[in-house]
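Take a look at the structure set out below.
The values are calculated or read from the model by the stated rules, or taken from the named source; none is laboratory data. Just so you know, these numbers come straight off a predicted model, no measurement behind them. Here the Cβ is made from the backbone with ideal geometry for all residues, glycine too, and neighbour counts use every protein chain on show.
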Amino acid sequence: MKNGAIPRHVAVIMDGNGRWARERGMKRVVGHIAGMKSVAATVKAAREMGVRHLSLYAFSIQNWGRPEGEVAGLMDLLGEYLERETENLVKNGVRLNPIGRLDRLPRGTRDALEKAVKKTRKGKKSTLTLALSYGAREEIVDAVRKIAAEGIRPESITEKTVERRLHTAGLPEPDLLIRTGGEMRLSNFFLWQSAYTEIYVTKTLWPDFRKRHFVKAVETFMRRERRFGLTKPRRGGAR
Ligand code: FPP
């Protein structure tokens, strides 16, 4: 194994639900429903492999522009997921960490999230970050606004100043970013955080993604050389 270490933080762009449904002549929302199984399988796989932080890109700011019915369907699914899985998260010591411009979410979704966050807040084993109404550029803009509002002197601004004001403050940077559905882009996800992240793209559509796919991505990561701009590879996860 080149860097040998299990990634501390894995982020996932869950793509391909629409195509999966279309291939079956069904509505897009059916693909999202099927994608819930992959969410559960991935959370479990990450836990079993000892990945401490898992982040899932569940709903982008840009996704607000989708048809009303699809957006409502996704919000309902999120509510269902929280209803069904929160106890399981508590049992496994997983802390739920929703990030994004959450104030845009419907009242019911926000309430359900708040409840689940409260119930899981003592989870010490791992974190499950759900990016909802999230956009990386918007996140950076929000951080810059905070810096300006705090009246911080320009010459004292460092990377840390920005990092501490991102939605992901306190989380390590992702070591591995998995994208399903085959597209080779970041789609406004973790732009700041992914500066040195290893990217793994699979053609597997999200609703088909299971533990074996996750394991394969992690194994591929473990064989990669990570140099962080240096000449020699560095062993292990973080910078
Ligand atoms: C992208 O597929 C996927 C989404 C926009 C939503 C992801 C949501 C889920 C997997 C279900 C709910 C999530 C949680 C955390 C409970 P797409 O529709 O863009 O697919 P396409 O590229 O094939 O059109």
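Of everything in the range 59-69 that is assigned to a helix (DSSP H, G or I) and either under 18 Å from the mean Cα position of the chain (by Cα) or surrounded by 15 or more Cβ atoms within 10 Å (Cβ to Cβ) (or both), the residue that is nearest to the ligand (Cβ to nearest atom) is ASN63.
Need pairs with beta-carbon distance below 7 Å; first residue at negative phi and in a helix (DSSP H, G or I) and within the range 81-97, second among the polar types (S, T, N, Q) and more than 10 Å from the ligand (Cβ to nearest atom); sequence gap 6+ or separate chains. Taking only residues 6 or more apart or on different chains, the pairs are THR86/THR120; LEU89/THR120; VAL90/THR120.
Against the conditions (1) part of a strand (DSSP E or B); (2) within 10 Å of the ligand (Cβ to nearest atom), SER55 satisfies every one except (2). Taken over the range 193-230, the criterion of being closer than 24 Å to TRP20 by Cβ, out of contact with any helix residue (DSSP H, G or I) (no Cβ under 7 Å at 6 or more places or on another chain) and in a loop (DSSP other than H, G, I, E, B) is satisfied by LYS203 alone. Sort out which residues of the range 151-184 are of a type in the set (Gly, Ala, Ser) and either within 16 Å of the ligand (Cβ to nearest atom) or buried (at least 18 other Cβ atoms within 10 Å of the Cβ) (or both), and write them in order of number. Across the range 151-184, the qualifying residues are GLY181, GLY182. Being at pLDDT 95 or above, not acidic (Asp, Glu) and not in a helix (DSSP H, G or I): is that true of ILE140 here? Criteria not met by ILE140.
Selection of first residues in the range 152-165 that are not acidic (Asp, Glu) and of second residues that are not in a loop (DSSP other than H, G, I, E, B), restricted to Cβ pairs under 6 Å at least 6 apart or on distinct chains, gives the following pairs, ordered by first then second residue: VAL162/ALA143; ARG165/ALA143; ARG165/LYS146. Of all the residues in the range 5-52, those that are within 13 Å of the ligand (Cβ to nearest atom), part of a loop (DSSP other than H, G, I, E, B) and farther than 22 Å from ARG84 by Cα number 5. The set of residues in the range 111-125 being touching a helix residue (DSSP H, G or I) at 6+ places or on another chain (Cβ under 8 Å) and under 12 Å from PRO98 (Cα atoms) consists of ALA112, LEU113, LYS115, ALA116, THR120. Is it true that LYS118 is surrounded by fewer than 21 Cβ atoms within 10 Å (Cβ to Cβ) and not in a helix (DSSP H, G or I)? So LYS118 does not fit the description; no.
Within the range 124-144, does at least one residue satisfy the condition of being within 18 Å of the chain's Cα centre (by Cα), of a type in the set (Asp, Glu) and surrounded by 19 or more Cβ atoms within 10 Å (Cβ to Cβ)?
Within the range 124-144, the first condition is being within 18 Å of the chain's Cα centre (by Cα), and the residues that meet it are 125-140.
The next check asks that each one be of a type in the set (Asp, Glu); those that pass are 138-139.
Checking which are surrounded by 19 or more Cβ atoms within 10 Å (Cβ to Cβ) leaves us with 139.
Yes, the conditions are met somewhere in the range 124-144.
Taking the criterion of being more than 13 Å from the ligand (Cβ to nearest atom), free of Cβ contacts under 8 Å to residues at least 40 places away in the same chain and part of a loop (DSSP other than H, G, I, E, B), would at least one residue in the range 123-133 satisfy it? Yes, the range 123-133 has at least one match.
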